[in-house]
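Every read-out reported here was derived from the displayed coordinates using simple, explicitly stated rules and does not represent laboratory data. None of the values given here were measured: they were computed from a predicted structure. Quick reminder, even Gly has a Cβ in these numbers, built from the backbone with ideal geometry, and neighbours come from all protein chains shown.
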Amino acid sequence: MINAIETSNLTYKFGNQIVVDNLSLQVPKGSIYGFLGHNGAGKTTTIKILLNLLKSKSNEVKIFGKDINSNRIACLKRIGALVEQPSIYGHLTGYENLKNRAMIVGVNQDRISEMLNLVGLSDAANKKAEKYSLGMKQRLGIAIALLSDPELLLLDEPTNGLDPNGIIEIRNLMIDLVKNHNKTILVSSHLLAEIERTATHVGIINKGKLLFQGTIDELHNLSKPSAFIQCDDSLKAQEIIKNAGFSILKSNSNRIDFNCTSVDDLGKLNTSLIQNGITVYALGTDKKDLENLFLDITSKN
Ligand SMILES: Nc1ncnc2c1ncn2[C@@H]1O[C@H](COP(=O)(O)OP(=O)(O)OP(=O)(O)O)[C@@H](O)[C@H]1O
């Protein structure tokens, strides 16, 4: 299947600084691709290149299989974007902002109500945009980007600065757009927990280099599961765990983490701890969350 976005050894410099370094992204059609990286990693620069706002070499960037440089207009027609602040006029209502944009891009005005409905702003359609919350402004920005019905959406940190409710609204909107409206979304973020809940695929960059790319499941599989025990005698329990052939990963007086992956082994260990007079408060297996994985991956770079 053709990827919505494919970059091949994409490299970009500001002066002598390499900001995007041999980046080969593959964003499958129909995915929510979480583009992760710390501040300054090169996410916005990459998105600007994908929008042809910054120049790439020929065949470094393909949109739905077509080189962006030789098919600029055709490619850009298939992309909607929200980069940095949405371009919204505060003195106009949400409806008027969309109407204005619909005239510029030559889109039928019927789509305005449809877009307001899609992003959940129908009730606020006649309110001035300056009175909108940050989350409403972001959703209006997405509605503007969707007016021309692009297949691919590029969203640069759309949840930045939003409260938990605003984050949930954007998250649900992204899922709805992909599931029910056949869109593909590339969404950049440094809010890792946020990406974990929405993304189907993930690309992690640091200093312009791609450190990981794959499905969210592949990312999770990178972290080795471990087990933990909480009990009343940590020192004695550690001896028993070591004697059973496991290595202690970390421990304190409340909790011991060790390299057990089998629930059978964990059950036997529980029996052994109890037989040795230890009271076990809790035990279970653990997998690293995305945040810790991300720190692991980026710190190795
Ligand atoms: N116009 C520019 N001129 C010179 N350097 C720039 C310019 N824009 C960005 N940079 C530099 O390029 C690097 C990557 O910046 P970029 O904005 O792409 O990162 P980012 O991952 O989007 O970070 P953030 O999350 O902070 O927006 C940074 O070191 C930044 O200082």
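Selection of region 26-55 for residues being surrounded by fewer than 21 Cβ atoms within 10 Å (Cβ to Cβ), within 16 Å of the ligand (Cβ to nearest atom) and within 17 Å of the chain's Cα centre (by Cα) yields His38, Asn39, Gly40, Thr44, Thr45. Beta carbons closer than 6 Å, at least 6 apart along the sequence or on distinct chains, pair a first residue in region 27-43 that is within 13 Å of Thr184 (Cα to Cα) with a second that is in a loop (DSSP other than H, G, I, E, B) and more than 9 Å from the ligand (Cβ to nearest atom) for Ser31/Thr200; Ile32/Ala199; Ile32/Thr200; Gly34/Ala199.
For the residues Pro150, Pro225, Pro158, the requirement of being in contact with a Cys (Cβ under 9 Å, 6 or more places away or on another chain) and either surrounded by fewer than 16 Cβ atoms within 10 Å (Cβ to Cβ) or closer than 28 Å to Val83 by Cβ (or both) singles out Pro225.
Lys127 passes every criterion in (1) charged (D, E, K, R); (2) touching a residue at least 12 places away in the same chain (Cβ under 8 Å); (3) out of contact with any strand residue (DSSP E or B) (no Cβ under 7 Å at 6 or more places or on another chain) apart from (3).
Taking the stated definitions as given, is Gly203 surrounded by 14 or more Cβ atoms within 10 Å (Cβ to Cβ), closer than 30 Å to Ser188 by Cα and out of contact with any Asp or Glu (no Cβ under 9 Å at 6 or more places or on another chain)? Yes, satisfied. The single condition among (1) surrounded by fewer than 16 Cβ atoms within 10 Å (Cβ to Cβ); (2) within 9 Å of the ligand (Cβ to nearest atom) that Asn16 does not meet is (2). Condition check: outside any strand (DSSP E or B) and either aliphatic (A, V, I, L, M) or on the phi > 0 side of the Ramachandran plot (or both). Does Ile185 satisfy that? So Ile185 fails the test. Restrict the check to region 56-74 and report whether at least one residue is in contact (Cβ under 8 Å) with a residue 60 or more places away in the chain, within 13 Å of the ligand (Cβ to nearest atom) and either buried (at least 18 other Cβ atoms within 10 Å of the Cβ) or within 19 Å of Gly214 (Cα to Cα) (or both). Looking for residues that are in contact (Cβ under 8 Å) with a residue 60 or more places away in the chain, within 13 Å of the ligand (Cβ to nearest atom) and either buried (at least 18 other Cβ atoms within 10 Å of the Cβ) or within 19 Å of Gly214 (Cα to Cα) (or both), one finds none in region 56-74, hence no. Would a scan of region 269-283 turn up a residue that is surrounded by fewer than 15 Cβ atoms within 10 Å (Cβ to Cβ), under 38 Å from the mean Cα position of the chain (by Cα) and under 30 Å from His190 (Cβ atoms)? Checked against the condition, which is being surrounded by fewer than 15 Cβ atoms within 10 Å (Cβ to Cβ), under 38 Å from the mean Cα position of the chain (by Cα) and under 30 Å from His190 (Cβ atoms), region 269-283 yields no hits at all.
Of note, Leu249 satisfies the criterion of being within 32 Å of the chain's Cα centre (by Cα) and hydrophobic (A, V, I, L, M, F, W, C). Looking across Thr285, Thr298, one residue alone is in a strand (DSSP E or B) and under 30 Å from His201 (Cβ atoms). It is Thr285. Across region 30-63, the number of residues qualifying as among the small types (Gly, Ala, Ser) and under 23 Å from Ser299 (Cβ atoms) comes to 5.
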